[in-house]
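The values are calculated or read from the model by the stated rules, or taken from the named source; none is laboratory data. Because the structure is a prediction, the values reported are computed rather than measured. With ideal geometry, Cβ positions are generated from the backbone for all residues, glycine too; neighbour counts draw on all protein chains shown.
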Amino acid sequence: MVIALRSNQAGAAREKLGRNACSAFLIIDAQSVKNTDPAALKGYDAGKKVSGIKRHIAVDTPGLPHAVAVTTAEVTDRKEALQALTRCKPGLSRVQSLLADSDYVGQPFAQGVQEVLAGM
């Protein structure tokens, strides 16, 4: 299951706060959580030892979501982050920086982010 937000939702909220509709800085992370759904709707995150789903989210500094995805837990943070950013690309036209933790290391991920953000 994948959820993508419309870019105008976060933009409208940012404008109400007196900010530009498009953010220049995003923070991205993922969280694995247990769920009780049937086995077809969950996976196993071996790193966290959790059987369930994983929530991926990219927010701006006020905490407004700009890219959101929900997947089974075995999906890697790096892979889904790139896909979520790609799906929400139209609303990310001003993004210049992306802050991520150590789960997002590696040249392939960094290059993927640059390609997604530069390709606008």
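General observations
- Failed item in (1) closer than 22 Å to Ala118 by Cβ; (2) free of Cβ contacts under 8 Å to residues at least 40 places away in the same chain; (3) surrounded by fewer than 21 Cβ atoms within 10 Å (Cβ to Cβ), with Pro90 passing the rest: (2)
- Within the range 29-52, tally of residues that are under 23 Å from Leu99 (Cα atoms), touching a helix residue (DSSP H, G or I) at 6+ places or on another chain (Cβ under 9 Å) and free of Cβ contacts under 8 Å to residues at least 60 places away in the same chain: 1
- Residue within the range 96-118 that is buried (at least 19 other Cβ atoms within 10 Å of the Cβ), in a loop (DSSP other than H, G, I, E, B), in contact with a Leu (Cβ under 9 Å, 6 or more places away or on another chain) and touching a residue at least 12 places away in the same chain (Cβ under 8 Å) present: no
- Look at (1) at pLDDT 90 or above; (2) over 29 Å from Leu92 (Cα atoms) and you find that Ser32 fails only one, number (2).
- Of all residues in the range 21-58, those being among the β-branched types (Val, Ile, Thr), crowded, with 16+ Cβ neighbours inside 10 Å and over 8 Å from the mean Cα position of the chain (by Cα) number 3.
- Verdict on Phe25 being in contact (Cβ under 8 Å) with a residue 60 or more places away in the chain and aromatic (Phe, Trp, Tyr): yes
- Subset tally (residues that are in contact (Cβ under 8 Å) with a residue 40 or more places away in the chain and in contact with a Lys or Arg (Cβ under 9 Å, 6 or more places away or on another chain)) for the range 54-87: 11
- Hits in the range 59-95 (condition: in a helix (DSSP H, G or I) and polar (S, T, N, Q)): Gln83, Thr86
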